[in-house]
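Data block below; observations after.
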Amino acid sequence: MVGLHFSGVFLSGNFAVKARAIKDALRNLSPSIAVKVPKPVEEEALADGRHKPEFFADRDGYVSRFLGPDVPLPKLGRWAKDAVAVNAKGKKKQHELKYRHFSVTHSASRKLPIFTAVNIDGKESRRAFRKNDKWFIDLRISEDLQLGNEIYRSNELDRGHIVRRLDPVWGGKEHAAQANDDTFHYVNAAPQHKDLNQKEWKDLEEYILDSAKAKDLKVSVFTGPVMRETDQDYRGLVKLPQEFWKIAVLVNADNNELCSAGYVLSQGEMLKDISEAAFVFGEFRTYQILISRIEEETGLSFGKLRDHDSLVRQRPEEIPRPRALVIRGPRDLVL
């Protein structure tokens, strides 16, 4: 997922890496990633599978202290009543669907993830376990609240992973394989038009993961769609999100403090009152944006992460706010 100008992080052995060493390593990473054109859904999709609650009994989910300091899941704010309760017998009501190394909180009204949270361990990262890419319904919540293959048939919509398939694929072989397969649940997907220009977004995701691998870094990443009432209705089944956000979190090895950065894939709605010169409305681009702005637009609260926002903390006297930076490649990132 995110690579970035992060000032430094702990290696898995709690060995701190200084900012200069990380920046030098990241500069050597190639920012250009080829984007594979997906096959039509009719050709690639298998019949949907279903997993019962017991299938997930051992899943750890997102770990808030994965980086050392506590980085809890965001507060739901206006989504608190809409978040789907998870079928967990004998347990306190919860909204977290736990998978291997990541978690999802799901919207009942939109049938889409409100947000996802994933832990990435660069030192333990493994190659993907490529199978037939069969997608599954998670029966811990009502099937009626999940968008299955019917939404993707005979149209120009693609399933868009919210937690990338590769990101949670680390650790022992069994757990890595579980993580790979767990990303193929419909609650971890959002419909996206095939022409959506995602190159810079995909480059950003690749850069985060590749940088974590390059220096054995640990990263926690939150991702989700920006869901608006004005989103386009499709077939009476779903409103299509027009924007997606991402927040990456590391630990600065120079001072052992958290460092976070927020991004949005947008065609301009979220940015229209920020800088008219920053974008051409209608063209999807990736921007680095204030975490506080993501909170305003999503209704979520990320607590202390907004206080550790690299866009605020780096040369604050020189940075007008609100602000968005166009991301054309890794060298544009501020961390």
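Points worth noting:
- Ranking of GLU257, GLU243 by count of other Cβ atoms within 10 Å, fewest first: GLU257, GLU243
- Difference of contour (0.36 nm per residue) and Cα-Cα distance, LYS81 to GLU257: 60.0 nm
- Between amide H atoms placed 1.01 Å from N, distances below 5 Å from MET227 occur with no residue 5 or more places distant or on a separate chain.
- At R0 = 25 Å, FRET efficiency that the Cβ-Cβ distance of GLU174 and ASP70 yields, to 0.05: 0.35
Readers should treat all values here as calculations from the given coordinates under stated rules, not as data from a laboratory. If you're wondering where the values come from, they're calculated on a predicted model, not measured in any experiment. We place every Cβ from the backbone using ideal geometry, glycine too, and count neighbours over all the protein chains shown.
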